Amino acid sequence: MLHSFAYILSFLIGGIALIVVLTTKFKVPAFFALFFACLLVGLGIGLPFAGVLTIIKDGFGNILKSLGLIIVLGTALGLLLEYTGSTAVMAAFLLKKLGRRHAPLAMSVTGFIAGLPIFCDSGFIVLSGLNKSMARRTGIPITIMSVSLATGLYAIHCLVPPHPGSSAAAGIIGVDFGKLILVGIAVALPAMIVGNLWARYAGKGAPDKLTEDVIAEHKKDEYPSLTRACLPVIVPIVLIGLKSFLTTGITAPGGWLAIITIIGDPVIALLVGVLLAFNGKWSWKKSETGKLLQDATEKAGGILVIIGMGGAFGAILTAAKIGEHFSESLALGSMGIFFPFLITSVLKTAQGSSTVAIITAASIVQPLLPALGLDTETGKLLCVLAMGAGSMMISHANDAYFWVIAKFSGLEMKTMLKVYSVATIWMGLTTMAMVYILSKVL
């Protein structure tokens with residue numbers, strides 16, 4: 001490359017700054033912010049305009065090829081579980097088993113489980129009615145209950161596929177989905193616990209104001225059984241996990257392993273989950289089925305264009321040979337997994353979206369993997385988990401999820417910052433500590 005490292009770095013920083021400014025100050029959708037960043041960096045480093053467009057198209061297409069079906073099916077599964085009342089059934093079971101005294105923990109666990117297939121914002125909305133009902137019955141402040149639920153959902157959302165951020169990072173970095181799901185769940189558990197503990201500690205003296213329920217509840221006889229509610233979540237995870245751990249290192253599996261390879265593919269496993277989710281309601285009308293699936297594809301479309309453009313931004317950075325410049329100029333080897341964590345934390349805090357933060361960070365980190373000493377299968381897994389930890393820090397007023405929690409719980413800005421935002425800091429640091437421990441064990 002004819003350009004110096006400082007010159008290349010200035011355009012990289014400029015591209016990231018452009019994403020942050022456009023998405024926060026001017027409220028430009030992330031897709032267009034990433035697209036303009038691609039043009040700025042690509043043209044700035046001297047690539048021809050036609051070449052930049054070709055790289056953008058290739059990067060966009062390649063990431064959608066690996067993630068498109070997973071995101072659409074994951075979105076459909078989440079909507080179906082909401083619509084059939086399956087998430088409410090799982091929540092009620094946990095509350096019954098844990099008791100009123102442990103209602104905040106029950107809400108955390110409910111959010112954790114329901115958050116596996118459902119995005120944190122929609123998960124919080126659909127469970128907010130149950131959350132407020134429990135707050136009334138137990139007398140526990142709504143702040144404690146709401147932040148417990150919110151952090152349970154948030155822990156899974158930032159770390160585990162098929163959520164868009166971790167899915168995109170896995171696709172960009174090259175991590176097995178099954179292993180990321182299973183290890184991600186294990187790493188997310190301490191984050192959920194820390195979020196719950198902080199909510200119970202900091203939420204004690206917060207104002208206790210309940211808003212009216214906004215989610216219409218099902219009639220009692222319309223809810224599915226616990227088994228029917230849980231199967232759509234459990235079966236896909238088991239299938240994907242079996243494939244990842246039983247077929248690792250086998251180039252041409254035969255017999256029953258060949259069957260596991262097929263049904264354990266994330267696309268097929270999620271499709272099985274979607275079909276099982278339809279069993280959560282005994283009778284379906286053609287109109288409601290079509291509308292639900294249409295809503296799922298429309299919702300997934302908005303996510304996919306962001307992920308695709310994130311892949312395009314990564315392709316531009318690869319063409320700029322950012323990785324080579326970083327490895328030659330900085331002692332990245334000594335930073336290891338802390339570099340992905342730090343850069344994702346900065347992006348998340350600056351522009352608000354965990355998804356945009358982790359996708360952008362993955363695009364930057366991917367060419368740096370050899371220099372960071374993370375170019376092994378285990379290193380890549382730890383890298384994605386470290387970025388997931390970074391994408392938790394810090395959720396505040398520029399995060400849409402922050403306002404979903406505030407709106408549906410009736411919490412004031414001061415309370416949200418004191419309890420929820422600080423909880424996300426503890427969650428991110430705890431998750432990073434767990435990733436560091438794993439790096440020493442694996």
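Computed from the coordinates by the stated procedures, all read-outs in this text should not be read as laboratory data. Keep in mind that this is a model prediction, so the values were computed, not measured. As a convention, Cβ positions derive from the backbone with ideal geometry for all residues, glycine included, and neighbour counts pool all protein chains shown.
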Simple Cβ-charge dipole of segment 307-436, Lys/Arg +1 and Asp/Glu -1, about Cα centre, in debye nearest 20
380
Compute the helix-to-body angle for 177-202: its Cα long axis versus the longest principal axis of the chain, expressed 0 to 90° and rounded to tens.
60
Convex hull around the C-alpha positions of the chain: the volume in Å³ per residue is 150
If each residue's Cβ is checked for other Cβ atoms within 10 Å, how do Tyr201, Tyr154, Tyr83, Tyr420 rank with the fewest at the top?
Tyr201, Tyr83, Tyr420, Tyr154
Listing Val404, Val147 from the residue with the fewest other Cβ atoms within 10 Å to the one with the most, what is the order?
Val404, Val147
With a point put 7 Å past each Cα toward its Cβ, work out how far Asp375 is from Ala6 in nm, to one decimal.
2.8
Using label points projected 7 Å from each Cα along Cα→Cβ, tell me how many nm separate Ala186 and Leu293, to one decimal.
3.8
Given R₀ = 56 Å, what would the calculated FRET efficiency be for Lys414 paired with Leu257, taking r from the Cβ atoms and rounding to 0.05?
0.50
Given points 7 Å out from each Cα along the Cα-Cβ axis, report the His102 to Lys321 separation in nanometres with one decimal.
5.8
Net charge near Ala423, counting Lys/Arg +1 and Asp/Glu -1 over other residues with Cβ under 15 Å of its Cβ?
+4
Backbone N under 18 Å from the Val441 label point (7 Å along Cα→Cβ), restricted to segment 337-352:
337
Within the set Lys27/Lys414; Lys179/Lys286; Lys25/Lys414; Lys97/Lys281; Lys348/Lys407; Lys57/Lys380, which residue pairs have Cα atoms separated by over 28 Å?
Lys179/Lys286
What is the fewest-to-most order of Met90, Met107 by other Cβ atoms lying within 10 Å of their Cβ?
Met90, Met107
